[in-house]
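For reference, the structure discussed in these notes is given below.
Readers should treat all values here as calculations from the given coordinates under stated rules, not as data from a laboratory. Since this is a predicted model, take the numbers as computed values, not measurements. FYI the Cβ positions are ideal-geometry reconstructions off the backbone, even for glycines, and counts take in every protein chain you see.
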Amino acid sequence: MVITYQGLESFRITQGDLAMALNPASSRAGADITLISSSAFATDGKGFVINGPGEYEVKDVGIKGFLSESNYSSDSGQAEKRYNTVYQINLEGMNLCFLGALSNAELSSEAKEAIEDVDVLFVPIGGDGVLDPAAAYKLAVSLEPAIIIPMHYTEKTLAQFLKEGGEEKNAPADKLVLKKKDLEGKEGEIVVLKEE
């Protein structure tokens with residue numbers, strides 16, 4: 001599995017011939033499966049698009065979506081409540097959890113019960129409409145992932161998040177190449193990815 005970061009909450013995951021886009025940065029994601037966590041993201045409609053809660057199985061990938069909240073600032077500067085979908089993805093025997101544009105660290109009881117054995121957690125840490133670094137780290141640790149990938153961050157919020165995790169020196173990688181066996185012995189390791 002290869003994971004690349006495209007900014008904000010956008011990622012591309014490839015596994016063999018399969019390509020997945022999580023909150024694609026552009027409408028031309030060109031993916032077999034596209035997950036949209038909130039209405040702030042667009043897609044070209046090609047491939048299989050999932051944009052809300054439910055249980056899905058596409059191309060041997062199991063996906064569960066859970067409703068949560070997100071706050072966005074409107075053009076007038078007012079905070080607006082919007083819905084966000086948290087996704088759990090089972091791909092090649094690995095469990096990925098994509099929190100999307102999550103702003104409330106209190107997950108629904110349904111999501112808490114279903115999200116378990118997280119191998120890779122994608123967590124927003126930038127504040128301003130999504131979780132702030134402290135709340136993001138606290139939630140991340142509570143989900144006990146092997147690997148934590150921060151997203152939607154600035155240099156300042158990334159530094160704060162790394163400090164929370166005791167990993168102040170953490171050089172960003174171009175991509176994360178991962179096999180199930182690579183997860184052995186990892187507990188809450190923070191992996192920072194460079195924006196493509």
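Ranking Ile89, Ala136, Pro150 by Cα position along the charge dipole of the chain, where only Lys, Arg, Asp and Glu carry charges on their C-beta atoms, puts Pro150 farthest toward the positive end. For every other residue with a beta carbon closer than 13 angstrom to the beta carbon of Pro133, add +1 if it is Lys or Arg and -1 if Asp or Glu, then tell me the sum. Neighbourhood net charge equals -3. Listed from fewest to most Cβ neighbours within 10 Å, the set Met94, Met20 follows the order Met94, Met20. The largest-to-smallest principal axis extents of the Cα set in the chain are 44, 38, 35 Å. Under a model in which nothing but the beta-carbon of Lys, Arg (+1) and Asp, Glu (-1) is charged, the chain shows a dipole of about 340 debye around its Cα centre.
Using the Cα gyration tensor of region 92-196, with a ≥ b ≥ c the square roots of its eigenvalues, what is the shape: rounded (a/c below 1.5), prolate (a/b larger than b/c) or oblate (neither)? Oblate is the answer for region 92-196, as a/c is 1.5 or above yet b/c matches or exceeds a/b. Relative contact order, whole percent, for region 2-190 stands at 15, derived from Cα pairs under 8 Å and 6 or more residues apart.
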